[in-house]
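Report on the structure given below.
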Amino acid sequence: MTVPVFTLGQLAERLGATLRGAAGKAISGLATLQEAGPDQLSFLANPQYRKYLSDCRAGAVLLTAADADSYGGDALIVANPYLAYAQLSHLFDRKPQSLAGVHATALVAADAQVDASASIGAYAVIESGARIAAGVTIGAHCVIGARSLIGEGGWLAPRVTLYHDVRIGRRVVIQSGAVIGGEGFGFANQKGVWQKIAQIGGVVIGDDVEVGANTTIDRGALADTLIGNGVKLDNQIMIAHNVQIGDNTAMAGCAGISGSTKIGKNCMIAGGVGMVGHIEVCDGVFVTGMTMVTRSITEPGSYSSGTAMQPAGEWRKSAARIRQLDDMARRLQQLEKQLAAVTSSGNASSDA
Amino acid sequence: MTVPVFTLGQLAERLGATLRGAAGKAISGLATLQEAGPDQLSFLANPQYRKYLSDCRAGAVLLTAADADSYGGDALIVANPYLAYAQLSHLFDRKPQSLAGVHATALVAADAQVDASASIGAYAVIESGARIAAGVTIGAHCVIGARSLIGEGGWLAPRVTLYHDVRIGRRVVIQSGAVIGGEGFGFANQKGVWQKIAQIGGVVIGDDVEVGANTTIDRGALADTLIGNGVKLDNQIMIAHNVQIGDNTAMAGCAGISGSTKIGKNCMIAGGVGMVGHIEVCDGVFVTGMTMVTRSITEPGSYSSGTAMQPAGEWRKSAARIRQLDDMARRLQQLEKQLAAVTSSGNASSDA
Amino acid sequence: MTVPVFTLGQLAERLGATLRGAAGKAISGLATLQEAGPDQLSFLANPQYRKYLSDCRAGAVLLTAADADSYGGDALIVANPYLAYAQLSHLFDRKPQSLAGVHATALVAADAQVDASASIGAYAVIESGARIAAGVTIGAHCVIGARSLIGEGGWLAPRVTLYHDVRIGRRVVIQSGAVIGGEGFGFANQKGVWQKIAQIGGVVIGDDVEVGANTTIDRGALADTLIGNGVKLDNQIMIAHNVQIGDNTAMAGCAGISGSTKIGKNCMIAGGVGMVGHIEVCDGVFVTGMTMVTRSITEPGSYSSGTAMQPAGEWRKSAARIRQLDDMARRLQQLEKQLAAVTSSGNASSDA
């Protein structure tokens, strides 16, 4: 695969950026300020990295006007360098493009609908009644269950499972190993034995969603599990049945959301967060890593739980003390009473 | 796929329920009290939802006799409405049924045994010496390793891996992406370098077990990893080598059980729980979400660890204070001594 | 598959062990001290199990010279019995051996290179420009992306995904369901909407690495994600983009490492540990299970966080008290001041 090459002028035009420097300079890649060479473009987004600007060897740097003033090299001046980098990154992506058409080894049910512009990979299985819209890529070894829908421009990596009756919006990206529409964990206990409850709801996923590698999203027990527009889910996430996630919420790896919990819009849920079931988290909430969320959150803001890391020896003492905390609190209260008594008695004696 | 329709009378007969209302009323689905329409059946299991009964538009409701007294609409009266719902749920499941037979693209080893009533999906691979019993469904793209056995009535979703020498009981359900019999994490350290230990045990899974999507169960190092009858494992769970889980224990998503740990019968392990290796948990234990289990549990009951969620600013203070806890405990003890001295000296002076 | 049988003499020779007993005795397996029968070899590595030696029925036991003195049965005397067991374990592994060659159903791109001694399983897909070295086994249903490389002697279980441009060293073992080179979680926020950043880096994995079942290793955003030589990763681990892991570090199940974090050599990261992004952990660090690592670690040693498990009733009290800790600390300080005042006033009065 040949490496794409663009001139600085072409890149400036794409971004609507102000070009400072040689419009004809060839750029064949992106790299960090520290690593970029003379044929690569870099960017300064985090002020902490401003210190690397002086020694930067990049062919050009994406900079704000303010930062460009203190930099002598070639630059593309933009309002938001990180966003500009995001936009240009796709030009240099070496991800293979799939050709339209159904691979000879793919199995497409007679009554499934596959748009002529879609690409169906090797050994993919498209079951009865499924519909694959225009421009969709289905990777090798994917299984698309009965009556499931994938909207325009979707991209599924190899080895993705959609069970039956999963409806996915437009431009949705699903990484390898993800499982969508698995049977939620529903059982009724009959004298100690668990009786399975059929999971008859589906999954509905909005537009512009990303689902990470090996993430699982279970189908609803009765109604559908709902993932809003623009939601971004990282790898290894577990979304249980009947969860609802609002538009543009992002969730990092290994988070787990229990059944029927509703998360609002524009939330950020960090890695390893766990939420119990049947709670509601309002819009605009940021939950820090590994937080245990056991109750609803009704005010926007940042929330945390957990204890700070310590050397193991100190930690053992802290952990032991936490188990004594209730006792300590009672003794503290007792001391306050006793001291108040002493002080008042002391006052009395000094009065005497 | 046509929606199944049953009359209230048919449903009452299936459950052995007392029918109150129109026996001929058509029911074509299940829904919650709030969402059910006139052609749907609902149920009241959680007393918190009793308030929704008055405005319920359901065609009929599964109710206890006591609840039925305060409800005017049609009802199916049963001892346990949730269990009745579980039983009826399967009637309305739109999960596609597989046809008996081996798909033309499936690869079955010459010496593997597949019952004529089993269904082997597209591109499935059944290796040498494997045995697939009557009524088993193997989804597309499953790989069944050498000499592995799947008992009667099992159901494997697409994309499940069984390594070699995995023995699975009857009526076991395995969701997509699950991996059973992977090589456990066993290494001997030789001067800083890890030497792999071949994992020569297998996995034995009982009857009526469910294994969730992307859950992994490793094979034993020497003896077998053992999963008892009726065990229910949710998604994204990690069961390490030589773990033993007792009958009818249920475990929620993202739990991780380290090597050689034994969990008893009828336990409930909530989501995100982690257990260290080589411990024992007795029967009848409930462990709440994200609890870190670092020692054996010898008494039935509920167990927890972790700290409650706080706004991040308050949490930072708490987390800092936890690191001071040992110091605080010592100062508290010191204060108690000092105050005792003051009090006794105070008493002495008042005696004087 | 016939069970392999070795004589004690043969095993002694392989290990360079001192044989005490019948050189011709047939050994057909390995087992623990408690479970081994007369045709099995056992070992004593953990002193806690020395008590099982007296009743041991094993055909022979791997022992140190010191332990052999107090054991009457046949023995293979070695410096490190656990390491000796690790070495012999491979003799008794019933894992099926794959034959060299490309399975008739495997799809190998015209410009991919597959060594004649490699084994490519059923339905495997090898994309354009990929290179598979000598002695590599690729399991059924694996997908090897464009230009990815697998070094000599590698072993991939069925159902492994390598995206494009993933470079893997020699003798690397990858368990089923693992996904390597998935697109890292990179998005730029534009007025509340997340814009995807193409992940144009790759993944580079060293020699002698093991990757567990359903573990995910994301490709780099710009530069590569790097896994050193001899690194062992258990199941269900999440390695985010641009993470670097040093040689011979081992990480247990369900750990999650956020983007751009660097972990040193010879570290041990226990199960369920979470690390935030952009930190550095030095060589020789041991992090205990479920620890939340929110800052860099610059000194070798053991580190922990989290609270100890308690009965749920007691835990609720502790958890509530933790939220009062800052208040308790202030009250404790106040008491100390007050008591100091009382004591000095008391002293004054006793002076008087």
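No value in this document is a laboratory result; all are computed from the given coordinates. Note that the coordinates shown come from a computational prediction; the quantities given were computed from them, not determined experimentally. Quick reminder, even Gly has a Cβ in these numbers, built from the backbone with ideal geometry, and neighbours come from all protein chains shown.
A:Gly206: more than 7 Å from chain B (Cβ to nearest Cβ), surrounded by 21 or more Cβ atoms within 10 Å (Cβ to Cβ) and closer than 23 Å to A:Ala255 by Cα, yes or no? Taking the combined requirement at face value, the residue satisfies it.
Quickly run through the stretch A:47-60 and pick out the residues that are in contact with a helix residue (DSSP H, G or I) (Cβ under 8 Å, 6 or more places away or on another chain) and either within 14 Å of chain C (Cβ to nearest Cβ) or among the small types (Gly, Ala, Ser) (or both). A:Gly59, A:Ala60 - these are the residues of the stretch A:47-60 that are in contact with a helix residue (DSSP H, G or I) (Cβ under 8 Å, 6 or more places away or on another chain) and either within 14 Å of chain C (Cβ to nearest Cβ) or among the small types (Gly, Ala, Ser) (or both).
Return the residues of the stretch B:204-229 that are in contact (Cβ under 8 Å) with a residue 40 or more places away in the chain and hydrophobic (A, V, I, L, M, F, W, C); say none if nothing qualifies. Answer for the stretch B:204-229, where residues must be in contact (Cβ under 8 Å) with a residue 40 or more places away in the chain and hydrophobic (A, V, I, L, M, F, W, C): B:Val209, B:Ala213.
Restricting attention to the stretch C:100-144, the residues that are farther than 18 Å from C:Ile174 by Cα and either within 13 Å of another protein chain (Cβ to nearest Cβ) or in contact (Cβ under 8 Å) with a residue 40 or more places away in the chain (or both) add up to 12.
Each residue in the stretch A:123-144 was checked for being surrounded by 20 or more Cβ atoms within 10 Å (Cβ to Cβ) and either of a type in the set (A, V, I, L, M, F, W, C) or over 19 Å from C:Gly177 (Cβ atoms) (or both), and 13 pass. Just to be sure before I move on: is A:Gln10 polar (S, T, N, Q) and either under 23 Å from C:Lys191 (Cβ atoms) or assigned to a loop (DSSP other than H, G, I, E, B) (or both) in the structure I sent? Here the answer is no, as A:Gln10 does not meet what is asked.
So which residues in the stretch C:150-177 are among the aliphatic types (A, V, I, L, M) and without any contact (Cβ under 8 Å) to a residue 40 or more places away in the chain, if there are any at all? Let's see the steps before the verdict.
Taking the stretch C:150-177 first, the residues among the aliphatic types (A, V, I, L, M) are C:150, C:156-157, C:160, C:162, C:166, C:168, C:172-174.
Passing the criteria: C:Ile150, C:Leu156, C:Val160, C:Leu162, C:Val172, C:Val173, C:Ile174.
Give the number of residues within the stretch C:27-57 that are in a loop (DSSP other than H, G, I, E, B), among the aliphatic types (A, V, I, L, M) and more than 19 Å from B:Ala188 (Cβ to Cβ).
1
Candidates in the stretch C:145-174 are the residues that are aliphatic (A, V, I, L, M), touching an Asp or Glu at 6+ places or on another chain (Cβ under 8 Å) and away from chain A (no Cβ under 14 Å); of these, the one that is surrounded by the most Cβ atoms within 10 Å (Cβ to Cβ) is C:Val172. If the condition is being within 11 Å of chain B (Cβ to nearest Cβ), in contact (Cβ under 8 Å) with a residue 40 or more places away in the chain and either closer than 18 Å to C:Ala255 by Cα or surrounded by fewer than 23 Cβ atoms within 10 Å (Cβ to Cβ) (or both), then the stretch A:235-292 contributes only A:Asn235.
Residues checked against (1) outside any strand (DSSP E or B); (2) on the phi > 0 side of the Ramachandran plot:
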| site | (1), (2) |
| --- | --- |
| B:Gly72 | yes, no |
| B:Leu76 | no, no |
| B:Tyr82 | yes, no |
| B:Ala86 | yes, no |
| B:His90 | yes, no |
| B:Arg94 | yes, no |
| B:Leu99 | yes, no |
| B:Ser117 | yes, no |
| B:Tyr123 | yes, yes |
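Based on this model, can you work out whether B:Lys191 counts as among the charged types (D, E, K, R), more than 30 Å from B:Ser98 (Cα to Cα) and more than 17 Å from the chain's Cα centre (by Cα)? So B:Lys191 fits the description; yes. For the stretch B:293-348, a residue qualifies if it is out of contact with any helix residue (DSSP H, G or I) (no Cβ under 7 Å at 6 or more places or on another chain), surrounded by 20 or more Cβ atoms within 10 Å (Cβ to Cβ) and either at the interface with another protein chain (Cβ under 7 Å from one of its Cβ atoms) or among the basic types (Lys, Arg) (or both), and the qualifying residues are B:Val293, B:Gly306, B:Met309, B:Trp315, B:Ala319.
Considering only residues in the stretch B:68-95 that are at the interface with chain A (Cβ under 9 Å from one of its Cβ atoms) and without any contact (Cβ under 8 Å) to a residue 40 or more places away in the chain, the one that is surrounded by the fewest Cβ atoms within 10 Å (Cβ to Cβ) turns out to be B:His90.
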